[in-house]
Amino acid sequence: MSIQPRKQRKARYTAPAHARGKYLSVSLSKDLRDQVGKRSLPVRTGDKVRVVRGDFKGHEGEVLTVDYTSYKVTVEDVTLAKPDGTTTFLPVDPSNLVIIEADLKDDRRIKNKGDN
């Protein structure tokens with residue numbers, strides 16, 4: 001892969017669906033690292049996460065959606081109030097999250113211990 005920024009951006013923009021999951025990896029909390037034996041996992045709907053950077057730092061909630069096209073995640077309590085009074089979810093970058101509770105029912109999710 002090239003080190004040129006324009007080619008890095010193009011690779012992310014044109015990445016196939018199976019590679020986009022890797023870009024949506026979220027680091028694990030220290031308890032989960034010991035339990036799973038990995039530093040990060042691709043985020044999934046239903047995982048409980050904590051926001052560690054940004055205006056919503058410290059908020060915890062369940063992952064509602066994972067957007068593979070814009071590489072963003074919507075979290076349960078991360079909302080903005082609009083001028084008309086309605087609330088809307090604010091998409092969060094996965095690098096600003098930490099997984100607190102992961103859904104580990106699927107064995108394939110943690111099968112490849114060598115991959116991060």
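The values are calculated or read from the model by the stated rules, or taken from the named source; none is laboratory data. The structure displayed is predicted, hence computed values, not measured ones. Positions of Cβ are backbone-derived with ideal geometry, glycine not excepted, and every protein chain shown enters the neighbour counts. We work out accessible area using only protein heavy atoms, side chains counted, and drop any ligands, DNA or RNA first. Shrake-Rupley method; radii C 1.70, N 1.55, O 1.52, S 1.80 Å.
Of the residues that make up the range 105-116, is at least one assigned to a helix (DSSP H, G or I) and modelled with pLDDT of 95 or more?
no
Within the range 26-71, can you find the residues that are closer than 30 Å to Thr14 by Cβ, polar (S, T, N, Q) and surrounded by fewer than 17 Cβ atoms within 10 Å (Cβ to Cβ)?
Thr45, Thr65, Thr69, Ser70
Return yes when Thr74 is β-branched (Val, Ile, Thr) and either in a helix (DSSP H, G or I) or open to solvent by less than 50 Å² (accessible area, probe 1.4 Å) (or both) and no when it is not.
So Thr74 fits the description; yes.
Looking at Lys22, is it open to solvent by less than 70 Å² (accessible area, probe 1.4 Å) and of a type in the set (D, E, K, R)?
So Lys22 does not fit the description; no.
Per-residue answers, yes or no, for (1) of a type in the set (Val, Ile, Thr); (2) over 15 Å from the mean Cα position of the chain (by Cα); (3) assigned to a loop (DSSP other than H, G, I, E, B):
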{"position": "Ala19", "(1), (2), (3)": "no, no, no"}
{"position": "Arg33", "(1), (2), (3)": "no, yes, no"}
{"position": "Thr45", "(1), (2), (3)": "yes, no, yes"}
{"position": "Gly54", "(1), (2), (3)": "no, no, yes"}
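Identify all residues within the range 78-93 that are in a loop (DSSP other than H, G, I, E, B) and open to solvent by 80 Å² or more (accessible area, probe 1.4 Å); write none if there are none.
Answer for the range 78-93, where residues must be in a loop (DSSP other than H, G, I, E, B) and open to solvent by 80 Å² or more (accessible area, probe 1.4 Å): Lys82, Pro83, Asp84.
Taking the condition assigned to a strand (DSSP E or B), of a type in the set (A, V, I, L, M, F, W, C) and within 19 Å of Lys105 (Cβ to Cβ), does Leu41 pass?
Numbers: assigned to a strand (DSSP E or B): yes; of a type in the set (A, V, I, L, M, F, W, C): yes; within 19 Å of Lys105 (Cβ to Cβ): yes.
Yes; evaluated as a whole, the condition is true for this residue.
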